[in-house]
Amino acid sequence: MRKVLSNKWHIMVFVLPTVLFFTFFVIIPIAMSAFYSTLNWTTKTKPTLEYFVGFKNYIDMFTAKGSSFPDAVRHSLLYAGASVFLQLPFSLLLALLLARGVKAESFYRNIYFIPVILSSVVVGQLWRKIYNNDYGLLNLFLRAIGAETPKGGWLANKGTRLWATFVPVLWQYVGYHMLLMYGALKSISPDILEAATVDGATGPIMAFRIQIPLIRPMLKVCLSFSLIGSFKLYDMVKILTDGNIGTEVPATTMYREMFKSHNFGTGSAMAMFIVAECLLFTVLLNIIFKDRDRERSR
Amino acid sequence: MKKNHLPIGRALIQFFLIVWLFACIFPLYWLFSFSLKDNSEIFGGNVVGLPSQWIWSNYSTAWGAGKISLYLRNSVITTAATLFLTLLLSFMASYGLLRMRWKGQKLTMTYLMLGLMIPMHAALKPLLGILMDLKVLSTHLGLIIPYTAFNIPMAILIISGFIDSIPMEMEEAAYIDGSGVYRTAFTIILPMMVPALVTASIFVFLQVWNEMLMASVFVSTDNVRTLTVGIQQMFGQYQTDWGPIGAALVISTIPTLVLYLCMSSQVQRSLIAGAVKG
């Protein structure tokens, strides 16, 4: 068997196609993006070294007059904050409530997960209807109770547009985080919970002292999903506001720079910035959670 | 566990859980009722209620004039081909990476896992050029190729985690019986891998079926356009007629919903596997 499984030809047939495919359509394009990001490449120039400008695009996208990229990055950080401080605690609360055992536990869990599998087109269009200025559910409700509605509509009003764009995404993925946390909570040994109950731990004390510390590894997964998701945010913003001023995020600004303004160099620099941001946050989270993970034997 | 909180606390918890339940199920209800209404009801007359007249013709309008049948066909072709290619390549690679013995196994695995951290946004422009050079832009392959490439790392992660749990004795017996490497991999190991393949398929299916960015950049003809982008375009064209758009949204959601209704726990498991990639 050793012979069969270390036969070079067999190994090549099994592994090489995938490696080549991946290299050609994932790694090489990323490397090309990195290269493009150092060029002054527009419709008038070509992607050759002749137009090499070094880090100029990276500086320009933050400092050039009228560049919306700093705002886009700021928005994505705001979204990340909202996700970490609102969405995750809410999901955790749902997970804790479900995991302690309520009637029809799995029914709730299955329904809570439905928004996650719906496409952004469906979810986005639903929320556009909810936000609609004239006949949207939100405004109908506000008018019914005699409250004021934002001028120009939720998605256009200066004060509301950014959060109105974020709420649907936050809402959609609550079920996802809830499920991850619920799974982790359910895998805590009943003995531990039993012992804690005997010692008099109830509800909140049980949650904060026993359950939450024990699911730390899963909380890390949720955090990294939230943070990385916040930099990749695209579909929903595109559908809700088309990434218009006041609601732009890095990916929509990159798209615009690339395919509307045809500034391929700057667009590529933005793309690389998104990649770098994702990597940076992954590394940061790993450092923050490192000590605990080491204790946990795999 | 002991239930020692006050009845009023328990009632509040139930109430809270039920409110959120409605918040999650509402989109499906809204989608369905909206697909059977006409404009006068959608615009103000009857926003939340069931349609006063169930206009099933919205579906035939969407199907024919709205080109939904075409977009659906395209989505099915693209998704099915991506699934087949991704699973085949990932299974073979996983087998080669975990069962065969060679130098650089670990390094190759790490290399492929790099793909998990790279958002596909970052490759758009170069991919556009590469696909153009290959003359596959605005063909089904123009989406199948990048979708497969970007889904391979995740599929390998799921599949290789499972291969590890199959005892080596299975293959030893096969090889002693004189079975070749291809026969062993495809007729002995592959059938045992079904749960992992299902998990990977669901994950890939949801990614591909709902994908919008590449589908809008790499495709410029209706003959190849997939549902997400196709429907998104209808919003521009049929401003006046919303019912059929609702019907289109329902049609595009049915495959996902059926999948979820039939195997909700597998769907949940596969998306968990997608998150716990580390």
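Read the figures in this text as sums done on the coordinates, not as results from a lab. For clarity, every value in this text was computed on a predicted model and none was experimentally measured. Glycine also receives a Cβ, built like all others from the backbone with ideal geometry; neighbour counts cover every protein chain displayed.
Return A:THR23, A:THR241 ranked ascending by Cβ neighbour count within 10 Å, so the fewest neighbours appear first.
In increasing order of surrounding Cβ atoms, one gets A:THR23, A:THR241.
Could you work out the mean count of beta carbons from other protein chains within 10 Å of each residue's beta carbon in B:162-174?
Averaged over the peptide's residues, the number is 1.
Using just the helices of chain B, give the 222 nm mean residue ellipticity in deg cm²/dmol: DSSP H runs with n ≥ 4 each add -39,500 (n - 2.57), and the total is spread over all residues, rounded to 500.
-21500 deg cm²/dmol
Using a Förster distance of 25 Å, how high is the FRET efficiency between A:THR45 and B:GLN233, based on the Cβ-Cβ distance and rounded to 0.05?
Given R0 = 25 Å and the Cβ-Cβ separation, E is 0.20.
As an exercise, use a Förster radius of 30 Å and the Cβ-Cβ distance of B:TRP56 and B:PHE22 to find the FRET efficiency, rounded to the nearest 0.05.
0.70
Kindly provide the helix-only [θ] at 222 nm of chain A, computed as the sum of -39,500 (n - 2.57) over DSSP H runs of four or more divided by all residues, to the nearest 500 deg cm²/dmol?
Result for chain A, helices only: -20000 deg cm²/dmol.
What FRET efficiency do you get for B:LYS135 and B:ASN46 if R0 is 35 Å and r is their Cβ-Cβ distance, rounded to the nearest 0.05?
The computed FRET efficiency comes out at 0.10.
Place a label point 7 angstrom from the Cα of A:ASN244 along the Cα-to-Cβ direction, then list the residues of region A:128-161 whose backbone nitrogen is under 12 Å away.
A:133, A:152-158, A:161
Taking square-rooted eigenvalues a ≥ b ≥ c of the alpha carbon gyration tensor, is the protein assembly as shown rounded, prolate or oblate, where a/c under 1.5 means rounded and, failing that, a/b exceeding b/c means prolate?
Taking the square roots of the gyration eigenvalues as a ≥ b ≥ c, the protein assembly as shown is rounded.
Over chain B, with a single point scatterer placed on each C-alpha, what log10 of the ratio I(q)/I(0) does the Debye formula yield at q = 0.10, 0.13 1/Å?
Debye output, listed in q order: -0.70, -1.00.
If Lys and Arg each add +1 and Asp and Glu each add -1, what is the summed charge of the other residues whose beta carbon sits under 14 Å from the beta carbon of B:ILE42?
-1
Go through A:GLY146, A:SER226, A:THR247 and say which Cα lies farthest out towards the positive end of the charge dipole of region A:141-298; charges sit on Cβ, +1 for Lys and Arg, -1 for Asp and Glu.
My answer, from the dipole projection, is A:THR247.
Find how much the distance from A:VAL102 to A:LEU86 grows on full extension, using 0.36 nm per residue of separation minus their present alpha carbon separation; answer in nm with one decimal.
Computed gain between A:VAL102 and A:LEU86 is 3.4 nm.
Give me the inter-chain shielding for B:64-75: mean count of other chain Cβ atoms within 10 Å, whole number please.
Going residue by residue through B:64-75 and averaging, the value is 0.
Test of understanding: what is the full-extension gain from B:SER179 to B:THR110, defined as 0.36 nm times their sequence separation minus their Cα-Cα distance?
21.8 nm is the gain from fully extending B:SER179 to B:THR110.
With the contact rule set at Cα under 8 Å and sequence spacing of 6 or more, what percent relative contact order holds for region B:7-59?
So the answer I get is 30 percent.
Which one of B:LEU114, B:ALA200, B:LEU261 is farthest out on the positive end of the charge dipole of chain B, using unit charges on Cβ (Lys, Arg +1; Asp, Glu -1) and the Cα centre as origin?
B:LEU114
Can you name the helices of chain B, as whole DSSP H runs, whose Cα span along the helix axis is 24 Å or more and whose Kyte-Doolittle mean is not below 0.5?
The answer, listed by residue number, is B:7-34, B:68-98, B:141-163, B:242-262.
Starting with the fewest neighbours, write out B:LYS135, B:LYS125, A:LYS238, A:LYS220 ranked by other beta-carbon atoms found within 10 Å of each beta-carbon.
Ranked by crowding around the Cβ, least crowded first: B:LYS135, A:LYS220, A:LYS238, B:LYS125.
For peptide B:18-27, what's the mean number of Cβ atoms from other chains within 10 Å of each residue's Cβ?
Mean number of neighbouring Cβ atoms from other chains: 6.
Roughly what would the spin-label model give for B:LYS103 and A:PHE259, points 7 Å off Cα along C-beta, in nm?
4.5
Based on the alpha carbons, how large is the Rg to Rh ratio for chain A when Rh follows Kirkwood?
Looking at chain A, the ratio lands at 1.06.
Which value, in debye to the nearest 20, gives the size of the charge dipole of the protein assembly as shown about its Cα centre, when Lys and Arg are +1 and Asp and Glu are -1 at the Cβ?
For this selection, approximately 680 debye.
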